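Read the structure below first, then the notes.
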Protein chains: 2
Amino acid sequence: MISIDDISSAATRLRGVAVETPLIRCAELDQVAGGRIYVKPECLQVTGSFKIRGAYNLLSQLGEMQAKNGVVAWSSGNHAQGVAAAGGMLGISTAIVMPEDAPKSKIENTQRLGGEIILYNRYEGDREKIAKRIAAERGASIVPSYDHPHIIAGQGTVGLEMMLQAQAQDTEVDQALVCCGGGGLIAGSAIAMKSLNSDVKIYPVEPICFDDTARSLCSGQREKNHQNARSICDALQTESPGEITFPINKKLLEPGLTVSDDDVRSAMRFAFRNLKLVVEPGGAVALAAILAGKVETARKTTLVVLSGGNVDYKLFSEIMADGD
Amino acid sequence: MISIDDISSAATRLRGVAVETPLIRCAELDQVAGGRIYVKPECLQVTGSFKIRGAYNLLSQLGEMQAKNGVVAWSSGNHAQGVAAAGGMLGISTAIVMPEDAPKSKIENTQRLGGEIILYNRYEGDREKIAKRIAAERGASIVPSYDHPHIIAGQGTVGLEMMLQAQAQDTEVDQALVCCGGGGLIAGSAIAMKSLNSDVKIYPVEPICFDDTARSLCSGQREKNHQNARSICDALQTESPGEITFPINKKLLEPGLTVSDDDVRSAMRFAFRNLKLVVEPGGAVALAAILAGKVETARKTTLVVLSGGNVDYKLFSEIMADGD
């Protein structure tokens with residue numbers, strides 16, 4: 001349903017809009033892993049996360065009337081910024097439903113990018129309902145954060161890009177670790193990567209308690225996270241795998257990996273010290289899985305996506321001060 | 001004396017050794033500047049700074065006997081790590097004379113990369129004398145941190161790379177801001193950039209009190225910094241412009257720009273918040289010059305080099321906590 005051609009078209013649309021983030025290597029990381037690790041730092045992407053890719057890919061394909069009526073999205077912050085930025089570039093008005101406990105910087109940045117913010121309580125309100133009501137009132141289009149072919153194709157440009165970059169360096173890739181919330185990034189990336197090399201193994205990484213994709217891959221059906229679940233990874237707190245993303249992921253992914261909040265904190269410190277990158281908790285889970293030895297990396301070549309860097313300084317500072 | 005061909009050859013030698021760091025854009029930065037800013041984040045380079053480029057370019061051209069006898073260098077930390085890493089890759093033993101107040105992480109990393117460390121007092125000892133004595137005892141070669149054609153050509157690959165990257169994006173560059181200690185990075189980069197487009201204006205940026213190049217460009221001769229001078233920028237505390245670098249810089253550079261320690265701190269906070277990059281003080285001076293309005297950027301396209309990211313967490317944390 002979504003093909004490598006859709007992802008290539010998305011890559012063309014994104015030229016000059018999204019940054020081609022580099023593949024970075026680091027001696028300390030290779031040493032820990034006992035193999036070759038290539039890091040894809042999407043924290044350096046426009047708006048500080050990969051989300052601009054899917055948002056722009058969808059918004060740029062809206063019809064004239066749809067574009068005129070604006071869009072509505074819900075997001076804890078990264079998709080919010082992606083949608084607001086894409087709207088700003090394309091002259092499309094954007095309204096975003098955000099949890100009131102989202103990182104301050106994510107709310108402020110979304111606002112600065114021109115997004116209209118509607119706050120709600122993450123544990124009581126129903127963001128989807130709120131967004132749909134607003135969309136109905138305004139005749140606006142909903143921009144889902146993962147469950148849409150154009151979003152999946154846009155995020156898939158991450159996978160396409162890193163495989164082409166590895167190829168350009170004559171590097172044969174064995175496996176890739178990609179964070180997983182609703183599963184849009186990994187679904188699109190898996191389609192792209194498997195098209196270029198069907199032998200590449202692709203692992204979803206989730207926070208403990210938000211391991212809905214890992215459990216769904218076991219049971220074969222879409223499992224839900226418990227509503228009392230909490231995690232430091234604000235960007236990965238989805239309820240369950242997507243209707244569109246899950247069938248793709250079920251077909252293409254290896255079993256899921258999970259990491260603890262402490263694994264994530266360690267990975268953020270490692271990124272500061274050795275990669276010189278500011279990575280947010282949700283953006284660090286794949287690196288955390290490597291460092292915590294959740295997957296065999298010895299004598300292998302592994303791609304690791306750092307999906308975002310939008311973290312408030314206060315939290316960042318607390319995590320750094322912890323040391324390890 | 002050093003030509004674009006030398007720099008192209010260095011680029012070939014560095015393939016697979018140094019990372020091709022990307023050109024990054026950022027809406028907030030363009031907004032502040034009123035023009036287009038492209039950031040070249042050499043903090044993402046192997047060893048956390050551009051120094052691997054020159055070090056590897058020199059070490060890889062040593063004769064068999066020279067390579068066997070090892071090398072000696074002096075450095076506050078970034079050149080140290082570059083030399084140690086290049087030595088490790090090429091199987092050449094390295095000894096590095098470092099000030100005892102150098103950032104802890106720089107000393108530790110140099111050691112971990114296989115460098116033998118010799119500490120001295122920055123304000124009392126003469127690092128050059130110490131290094132030359134060791135070199136004489138061992139029959140080892142000196143690896144200067146800037147005043148050598150191979151070092152200059154290696155560092156010049158930064159300028160070459162960013163011009164080619166801008167060209168690949170059909171971007172006409174008006175000017176570039178590059179930090180300046182001994183002047184190796186900017187001399188090499190200026191040769192490369194001016195060869196590709198003689199209209200590009202290249203500004204050296206220095207910390208206040210370490211503005212030897214700015215003053216030398218005014219007087220036409222190599223001026224010295226006062227020995228009581230202090231700066232937060234540990235990487236840029238050279239005594240005076242180089243014998244080889246200055247004649248190049250005199251011919252190719254615009255007048256020098258200077259920034260205060262506070263300008264640098266602000267720039268480091270900006271890089272954290274908006275670029276998701278960890279930049280060390282000396283690596284942030286060019287960005288600081290943009291943010292402090294030291295050069296006209298409105299309606300222009302400006303390249304800015306962030307030369308390194310090797311900063312201890314304690315200092316980084318203090319600077320972040322200051323806020324602005």
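The values are calculated or read from the model by the stated rules, or taken from the named source; none is laboratory data. Just so it is clear, the structure is predicted and the values come from calculations on it, not from any experiment. Reconstructed Cβ throughout: ideal geometry from the backbone, glycine too, with neighbour counts over all protein chains shown. Heavy atoms of the whole protein, side chains included, go into the accessibility calculation; ligands, DNA and RNA do not. Shrake-Rupley method; radii C 1.70, N 1.55, O 1.52, S 1.80 Å.
What to note about this one:
- Degrees separating the helix B:149-168 axis from the principal Cα axis of chain B, which is the longest one: 30 degrees
- The protein assembly as shown: proportion of alpha-carbon pairs further apart than 46 angstrom, %: 17 percent
- Fraction in percent of alpha-carbon pairs per bin - 10 Å, the range A:120-276: 10, 34, 35, 17, 4, 0
- The range A:65-120 and the range B:304-324 have Cα centres separated by 30 Å.
- Computed from Cα positions, the angle between helix A:78-90 and the longest principal axis of chain A comes to roughly 60 degrees.
- Gyration tensor over alpha-carbon atoms, the range B:194-324, equivalent ellipsoid semi-axes in Å: 25, 19, 12
- Normalised by residue count, the range A:51-143 yields a Cα convex hull volume of 72 Å³ per residue.
- Ignoring aspartates and glutamates fewer than eight residues from B:Lys314 along the same chain, the ones with Cα atoms less than 16 angstrom from its Cα are A:Glu318, A:Asp322, A:Asp324, B:Asp101, B:Glu108, B:Asp234, B:Glu280, B:Asp322.
- For the protein assembly as shown, the Cβ-based charge dipole about the Cα centre amounts to some 520 debye (Lys, Arg positive; Asp, Glu negative; other atoms uncharged).
- Interface residues of the range A:275-324, defined as those with an accessible-area decrease of at least 50 Å² between the chain by itself and the complete set of protein chains (probe 1.4 Å), are A:Lys276, A:Val278, A:Tyr313.
- The residue list A:Ser195, B:Tyr146, A:Ala84 was ranked by how far each Cα lies along the charge dipole of the protein assembly as shown toward its positive end, using unit charges on Cβ atoms, and A:Ser195 comes out on top.
- When the charge dipole of the protein assembly as shown is built from unit charges on Cβ atoms (+1 for Lys and Arg, -1 for Asp and Glu) and taken about the Cα centre, the candidate among B:Thr94, A:Ile7, A:Ala229 whose Cα reaches farthest toward its positive end is A:Ile7.
- Distances in nm from A:Ala321 to the matching label points in the other copies, shortest first (labels 7 Å along Cα to Cβ): 0.6
- Shown is the FRET efficiency for B:Asp312 and B:Lys129, computed with R0 = 22 Å from the Cβ-Cβ distance and rounded to the nearest 0.05: 0.20.
- Net charge dipole size for chain A [Lys, Arg +1 and Asp, Glu -1 on Cβ; Debye, nearest 20]: 420 debye
- Pairs over the 30 Å Cα-Cα cut-off, from the set B:Lys106/B:Lys276; B:Lys250/B:Lys294; A:Lys51/A:Lys201; A:Lys68/B:Lys294; A:Lys129/A:Lys294; A:Lys106/A:Lys132: A:Lys68/B:Lys294; A:Lys129/A:Lys294.
- Accessible area buried between chains B and A, both sides summed, probe 1.4 Å, in Å² to nearest 100: 2100 Å²
- Which of A:Ile290, A:Thr302, A:Met268, positive extreme of dipole for the range A:260-307 (C-beta unit charges): A:Thr302
- Chain B, closest residue to the rotation axis toward A, by beta-carbon, whole angstrom: B:Pro22, 2
- Highest-MSF residue in chain A out of A:Asp261, A:Asp30, A:Asp126 [GNM, Cα springs under 10 Å]: A:Asp126
- Taking Lys and Arg as +1 and Asp and Glu as -1, the other residues whose beta-carbon sits under 9 Å from that of B:Gly242 total -1.
- In chain A, the calculated helix contribution to ellipticity at 222 nm averages -13000 deg cm²/dmol per residue, counting -39,500 (n - 2.57) for every DSSP H run with n ≥ 4.
- Using the 1.4 Å probe convention, the accessible area of chain A works out to 38 Å² per residue with neighbouring protein chains retained.
- Gyration tensor (Cα) of the range B:70-196, equivalent ellipsoid semi-axes in angstrom: 31, 15, 14
- Spatially proximal aspartates and glutamates relative to B:Lys300 (Cα-Cα < 12 Å; intrachain offsets below 8 disregarded): B:Asp30, B:Glu172, B:Asp174
- Cα-based helix-to-principal-axis angle, A:127-138 vs chain A, degrees rounded to 10: 40 degrees
- Each Lys and Arg adds +1 at its Cβ and each Asp and Glu adds -1 at its Cβ; summed about the Cα centre, the range B:57-216 shows a dipole of about 520 debye.
- Whole-percent carbon and sulfur share, accessible surface of the protein assembly as shown, 1.4 Å: 46 percent
- Each copy carries a label point for B:Gln221 at 7 Å from Cα toward Cβ; from one copy, the others' points are 8.8 nm away, ordered from shortest.
- Cβ-Cβ FRET estimate between A:Ala136 and B:Thr12, R0 fixed at 51 Å, reported to 0.05: 0.25
- Distance distribution note for chain A: the fraction of Cα pairs above 36 angstrom is 11%.
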